[in-house]
Amino acid sequence: MISKAKFEIKDRDAAGRICRFTTKHGTITTPTLLPVINPNKILITPKEMKKLFGTEMVITNAYIISKDPFLREKALEKGVHKVIDFNGPIMTDSGTFQSYMYGDINIDPLQIVRFQAEIKSDVGTILDVFGTPEQSKKEAKKTVEETIKRAKQSMEIKKEENDMLLACTVQGSIYPDLRKKCAEELTRIKADFYPIGGIVPLLEKQRYTDVIRCIISSKKGLDPSKPVHLFGAGHPLIFPIAVALGCDFFDSSAYAKYANDRRMIFPWGTEKIDELNELPCCCPICTKTTATELKKMEKNEMTLLIAKHNLYISFSEIKKIRKSIAEGSLWELVERRASTNPYLLEALKELRKKGNKEWLEQYEPISKNKALFYTGTHTIHRPIIYRCHKRILQNYRPLPSTITIVFPEGKKPYSKYYMKEIRKISKKNRYINIIIKSHLGPVPIELDEMYPFAQSVFPERVDEETKRETKKMFLEYTKNKKILLWRGNETLHEINTYLPPKKEENIDMDLRRVSAVADIQFGKNASQALLRGKIKIVKSKKTGKIRNIYVDERHVLSMRASDGLFTLKRHGAYLLHNFFRYPRLRVVIKEEAASFVEEGKNVFARFVVECDPELRPFDECLIVDENDKLLGAGRTLLNRDEMLSFNYGIAVKTREPIIQP
Ligand code: GUN
Ligand code: ZN
């Protein structure tokens with residue numbers, strides 16, 4: 001059997017993910033950093049790295065090993081793990097970078113792959129052709145073609161040497177269409193691991209816009225279930241954005257190279273030790289020494305200490321990224337880190353471009369564990385805001401009234417803050433629409449407890465760009481609507497000129513809220529399917545918030561206090577299943593897995609055969625078999641493309657099994 005990489009998603013945020021990656025030398029957690037081990041000159045041993053920084057996997061160079069008679073013999077005899085004395089997973093590179101740096105060196109593209117298998121590398125790399133930024137499109141196309149040809153041939157070798165996972169590098173210089181095509185071709189040959197190559201010169205010149213373009217275009221063409229490595233990206237400044245775009249691995253020779261140049265790595269950039277009077281760091285190295293002492297040290301000693309500091313900083317950033325994914329604050333980390341570097345800050349504008357924002361939205365979770373924090377001009381362009389605005393335009397049904405009253409931004413939740421005013425308005429006429437002109441765009445009052453409208457923190461005054469963006473959204477929403485900006489009693493009188501006062505009972509705000517959230521969350525008109533019959537809304541005694549919704553005595557929905565969104569109950573699933581046509585809201589699984597769901601077990605990705613393309617990570621969904629028989633209600637962990645690609649891990653967490661006669 002040919003070895004396959006086992007790679008499964010455990011948690012996620014933005015288009016980034018926390019995964020478990022299994023090799024024959026153990027399982028590790030990503031995103032992670034592979035320190036580069038120079039087999040000729042081991043500065044810090046991998047074993048020590050594991051102890052000091054928690055390093056789980058390293059990368060070394062097969063080309064360098066193969067060129068040195070002593071190392072070559074030892075590697076062939078005892079394996080690469082003995083050469084660098086490490087029993088965890090080891091990736092090897094092929095010499096591509098050396099041939100880019102030093103010109104034509106003599107490497108046979110297939111021999112070097114065979115050699116990596118022979119020395120028992122866990123992940124070997126093809127000899128891709130380095131695409132430089134200076135290449136014309138024609139030249140770049142040639143290097144892509146040669147890379148693909150070598151990848152195909154190397155995959156054949158892998159079949160003979162079946163123990164090694166093979167990394168096939170995406171090239172294509174700075175041309176997004178070439179990158180995407182290269183990625184698509186490499187996806188077709190089912191490699192195990194996909195580095196994005198050819199970006200070192202872009203990073204060195206701080207051409208971050210190009211770097212982001214390279215990552216996005218490559219990712220768009222790659223199989224989403226495969227690990228992605230950003231080749232040669234060793235500076236932590238780039239880690240958060242690269243992870244947010246779906247990179248899982250980084251490698252760093254920077255820790256040693258910079259140390260050798262007397263430079264210290266920090267999350268915001270690098271600093272020359274000779275220009276520092278103070279070490280702005282509390283790592284175990286910097287707490288034991290001062291800048292002055294460090295500068296006076298003998299070169300080898302200083303290099304070693306700076307290299308260690310550099311790795312402390314790099315791994316600490318990796319840990320921060322993982323923590324941010326777990327709590328759902330990765331975009332905040334991305335924006336905050338970018339704000340320390342003007343080029344990177346500018347480069348973030350790539351994300352909002354047409355084609356990119358739609359791509360990002362597919363991977364964006366439905367809600368998060370933490371509130372959305374404003375960091376600056378980029379916040380308003382986050383995928384979650386783009387999604388909410390789109391859904392309000394498409395799914396939300398305003399009341400059949402001729403006017404919409406607009407309140408300015410206020411305290412959250414808005415319905416509480418504006419309670420008195422809302423009462424006065426609905427006494428006039430209960431069919432008046434109310435929206436808030438908020439810092440996140442127009443918010444219909446019924447949605448004011450839904451993520452992220454209630455769970456967001458913005459300053460009182462926002463920047464001009466945010467104002468411009470929200471104004472655009474506001475104009476789009478109010479197009480063809482008669483709006484009245486709230487100015488107190490004056491507005492109340494004005495209402496009379498549009499709508500005659502109507503003596504009616506108070507508006508049932510709770511029912512309006514339940515309907516509106518259902519339409520936004522499950523799709524246009526979902527409320528019609530769910531709320532037909534005798535409706536009972538049960539509220540929490542403690543908070544007064546909606547908790548459970550019953551229709552004809554049957555439990556259909558629960559509203560989560562944390563994000564104001566619904567959990568789908570058994571009868572609710574049944575109603576939506578009857579109402580929405582296949583494949584809307586559905587995750588379709590193989591017959592053989594049906595009994596597991598009926599027992600309440602989760603759905604594994606390998607059993608999924610089809611899925612609604614509109615489902616997003618952490619969405620409530622219907623689990624059905626291939627005859628569209630309803631098996632249960634669940635919560636997705638993956639979107640459609642991921643469900644259909646992943647062979648490992650959970651696709652849907654089953655909430656409520658449904659056993660039908
Ligand atoms: N190291 C840094 N960049 C690259 C690249 O593009 N390809 C390979 N194989 N190694 C690299
Ligand atoms: Zn330090």
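The values are calculated or read from the model by the stated rules, or taken from the named source; none is laboratory data. The structure displayed is predicted, hence computed values, not measured ones. Positions of Cβ are backbone-derived with ideal geometry, glycine not excepted, and every protein chain shown enters the neighbour counts.
Some points to look at:
- Scanning segment 246-295 for residues that are part of a strand (DSSP E or B) and within 16 Å of ligand 1 (Cβ to nearest atom) yields Phe249, Phe250, Asp251, Ser252.
- Among the candidates Lys180, Lys159, residue that is out of contact with any Ser or Thr (no Cβ under 7 Å at 6 or more places or on another chain), touching a residue at least 12 places away in the same chain (Cβ under 8 Å) and more than 16 Å from ligand 1 (Cβ to nearest atom): Lys159
- Condition broken by Thr143, with the remaining ones in (1) under 27 Å from the mean Cα position of the chain (by Cα); (2) over 28 Å from His25 (Cα atoms); (3) within 13 Å of ligand 1 (Cβ to nearest atom) satisfied: (1)
- Checked against (1) outside any loop (DSSP other than H, G, I, E, B); (2) closer than 28 Å to Glu146 by Cα, Ser121 passes all but condition (1).
- If the condition is being under 21 Å from Leu344 (Cβ atoms) and either buried (at least 23 other Cβ atoms within 10 Å of the Cβ) or within 13 Å of ligand 2 (Cβ to nearest atom) (or both), then segment 264-280 contributes Met264, Ile265, Phe266, Pro267, Thr270, Glu271, Pro280.
- Filtered residue count, segment 540-582, keeping only those that are over 31 Å from the mean Cα position of the chain (by Cα), polar (S, T, N, Q) and under 27 Å from Ala371 (Cβ atoms): 3
- Considering segment 34-46, and only residues there that are in contact with a Ser or Thr (Cβ under 9 Å, 6 or more places away or on another chain) and not in a strand (DSSP E or B), the residue that is nearest to Val80 (Cα to Cα) turns out to be Pro39.
- Evaluation of Val609 against (1) surrounded by fewer than 19 Cβ atoms within 10 Å (Cβ to Cβ); (2) touching a His at 6+ places or on another chain (Cβ under 8 Å) (one fails), failing number: (2)
- Test: residue in segment 494-513 that is modelled with pLDDT of 95 or more and either closer than 30 Å to Thr379 by Cα or aromatic (Phe, Trp, Tyr) (or both): yes
- Condition met for Pro201 (within 12 Å of ligand 1 (Cβ to nearest atom) and either modelled with pLDDT under 95 or part of a strand (DSSP E or B) (or both)): no
- Conditions (1) outside any loop (DSSP other than H, G, I, E, B); (2) over 19 Å from Lys471 (Cβ atoms); (3) out of contact with any His (no Cβ under 9 Å at 6 or more places or on another chain); number of the one not met by Leu393: (2)
- In segment 71-107, residue farthest from ligand 2 (Cβ to nearest atom) [restricted to those that are charged (D, E, K, R) and in contact (Cβ under 8 Å) with a residue 12 or more places away in the chain]: Asp93
- Here Met509 meets each of (1) closer than 20 Å to Phe618 by Cα; (2) surrounded by fewer than 21 Cβ atoms within 10 Å (Cβ to Cβ); (3) hydrophobic (A, V, I, L, M, F, W, C); (4) in contact (Cβ under 8 Å) with a residue 60 or more places away in the chain with one exception, condition (1).
- Filter result for Leu622 (buried (at least 24 other Cβ atoms within 10 Å of the Cβ) and more than 17 Å from Arg584 (Cβ to Cβ)): no
- Only one of the numbered conditions (1) within 15 Å of ligand 1 (Cβ to nearest atom); (2) within 17 Å of Gly172 (Cα to Cα) is violated by Ile212, and that is (1).
- Cross-chain or 6+ apart pairs with Cβ under 8 Å, segment 441-458 first and under 18 Å from Ser515 (Cα atoms), then of a type in the set (Asp, Glu): Met450/Asp563; Tyr451/Asp563; Ala454/Asp448
- You will find that of Pro280, Pro224, Pro284, Pro267, the residue that is modelled with pLDDT under 95 and not β-branched (Val, Ile, Thr) is Pro267 and no other.
- Yes/no for Glu298 being at pLDDT 95 or above, acidic (Asp, Glu), surrounded by 13 or more Cβ atoms within 10 Å (Cβ to Cβ) and away from ligand 1 (no atom under 16 Å from the Cβ): no
- Selection status of Leu304, within 12 Å of ligand 2 (Cβ to nearest atom) and either β-branched (Val, Ile, Thr) or under 24 Å from Lys257 (Cβ atoms) (or both): no
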